[in-house]
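Below is one structure, written out as structure tokens, with a few remarks after it.
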Amino acid sequence: MATDRGHWLRRATRKLGLFCALALAAFSCEHQTDDPSGGETHFLVRCQPGTNSCGSVLSCVCGVCTLPCNERATCESLPAAACVASTGSDACGNAQAPGHCDVACLIDADCAALSRVHRCELGVCRADSPPSPPASAGAAGDTSTSDAGACIRGSVSANQVLVIGDSFFGATHQITAYLEDFARSAGALSIGERYRDNSRLVANSLSSGGIADEYARAQAEADVKTVIMSGGGADVLVGSCDTLDADCPMIAAAGAAARDLLAKMASDGVLDAIYVFYPDPTKDANLRAKVDALRPVIENACETSAVRCHFLDLRPTFATHYDEYVLNDGMNPTEAGSQATALAIWNVMQRECIAQ
């Protein structure tokens, strides 16, 4: 009997211990599965003011689901969030406070604390709201419908991305290197993959055909689907004219060459061109005037091109940073300027779903 009683007590003790362990595990698991966005799964997801798409806690402020704020403490429940001023957008006009909670970033990886679908766009983390299923959607498992606006990733390979241009790209090729780093961090470029960079330090003007030759040589080697380019700086650096406007022969020739090259890209099946235009030259007032005259001509060539062309003016990127971003020559970028330029290009690529 004593043996049986001892056996029963040992079994009861084991069962009680198992129950306690399970109870503790339940509390532990509940804590570990907290939503990474402070329980707010809509945080920094795009929204339309006046809709009910942000849930019961967040509000649609500045076009995203967030919290209006006056101080940092309001944002403490949201990961990596800070209280920033709500300015510069029509969607911010109805904000309940002068600020809103937001998360700054440089690359997509900085947004990982929010979710796997948040991306870094123009320096802040954003996610699109999930598309609503169509009313005629079939039974579970029916995958015949798709979101027409979704970004199709992997459709353009690394070898189909080409960088061409003058010394702004070709002096150090650092812009391409930083751009590849951003793409790798976002999963758009695998380890060991590279973009093709044909930009060069000499023989790189538009009107003489130098940049067109960079493109032609690349196209002869392999198919090109995305072109990232600069061009026109070498033309205005050595050229001159009496009146600095679109009728200046030097500027007109550069514009015509840009239009011809973009037309050739369209006929070759290039999907996207990103035309990167220079920040203001800092050492030579006459050169700055020539660049100012060339800018609208190139922008017009891009906007009216048959290829999908995205004009990227670097002046906003370099504003207040010229001492840090521009070399002593007053024209070409430092390493920090190259990184900032690459980030500006990458933001365009992410926003427009280019080579993702």
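The values are calculated or read from the model by the stated rules, or taken from the named source; none is laboratory data. None of these values were measured; they are calculated from a predicted model. Heads up, the Cβs are rebuilt from the backbone with ideal geometry, glycines too, and the neighbour counts pull from every protein chain shown. Remember, those area values only see protein heavy atoms, side chains included, never the ligands or the DNA or RNA. Shrake-Rupley method; radii C 1.70, N 1.55, O 1.52, S 1.80 Å.
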Report summary line: Here P(r) for the range 174-292, Cα-Cα distances in 5 Å bins, as whole percents, is 2, 10, 18, 20, 18, 14, 10, 5, 2, 1, 0
Query raised in the report: If amide H atoms are built 1.01 Å from N in the plane of the peptide, which residues on other chains or at least 5 residues away come under 5 Å of the amide H of Val64?
Result: Cys47
Report summary line: Residues other than Lys225 with Cβ under 10 Å of its Cβ, Lys/Arg counted +1 and Asp/Glu -1, net out at -3
Report summary line: In this structure, the FRET efficiency calculated for Asn70 and Glu335 from their beta-carbon separation, with R0 = 45 Å, to the nearest 0.05, is 0.70
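Given R₀ = 41 Å, what would the calculated FRET efficiency be for Arg153 paired with Asp247, taking r from the Cβ atoms and rounding to 0.05? The partial results should precede the final answer.
Details: r = 45 Å, r/R0 = 1.09.
Efficiency for this residue pair is about 0.35.
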Requested in this report: Mind giving me the nanometre distance, one decimal, between the label points for Ser77 and Arg194, set 7 Å out from Cα along Cα→Cβ?
Outcome: 5.1
Query raised in the report: Please report, for the Cα atoms of the range 147-202, the Rg to one decimal and the Dmax as a whole number; what are they, in angstrom?
Result: 13.1, 46
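Go ahead and run the numbers for FRET between Ala177 and Ala289, Cβ-Cβ distance against an R0 of 30 Å, rounding to 0.05.
Numbers: r = 32 Å, r/R0 = 1.07.
Here the calculated transfer efficiency is 0.40.
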Report summary line: Once the dipole of the range 246-293 is set up from charges on Cβ (+1 Lys and Arg, -1 Asp and Glu), the residue from the list Ala252, Thr282, Gly269 lying farthest towards its positive end is Thr282
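To the nearest 20 debye, what is the magnitude of the charge dipole of the range 290-356 about its Cα centre, counting +1 on the Cβ of each Lys and Arg and -1 on the Cβ of each Asp and Glu?
Rounded to the nearest 20 debye, it is 240 debye.
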Query raised in the report: Of Lys264, Lys283, which has the most accessible area and how do the rest follow, probe 1.4 Å?
Result: Lys283, Lys264
**Report entry** Stretchable slack from Leu327 to Asn300, in nm (0.36 nm times residue separation minus alpha-carbon distance)
**Finding:** 6.9 nm
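Run the numbers for Asp128 and Ser185: contour at 0.36 nm per residue of separation, minus the present Cα-Cα distance, in nm.
Extending this stretch completely gives an extra 18.5 nm.
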Report summary line: D (µm²/s, integer) via Stokes-Einstein for the range 250-356, Kirkwood Rh across alpha-carbon pairs, 20 °C, 1.002 mPa s: value 145
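Which value, in debye to the nearest 20, gives the size of the charge dipole of the range 208-356 about its Cα centre, when Lys and Arg are +1 and Asp and Glu are -1 at the Cβ?
Details: 11 positive and 22 negative charges, 48 e Å.
So the magnitude is around 240 debye.
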Report summary line: Simple spin-label estimate for Val117/Arg217, 7 Å along Cα→Cβ, in nm, reads 4.5
Report summary line: Net charge near Leu261 (other residues with Cβ under 14 Å of its Cβ; Lys, Arg +1; Asp, Glu -1) is -3
Query raised in the report: Measuring from label point to label point, each 7 Å out along Cα→Cβ, what is the Ala319 to Asp260 span in nm?
Result: 3.6
Report summary line: Highest mean packing first, using Cβ neighbours within 10 angstrom, the peptides 108-118, 178-188, 235-245 sort as 178-188, 108-118, 235-245
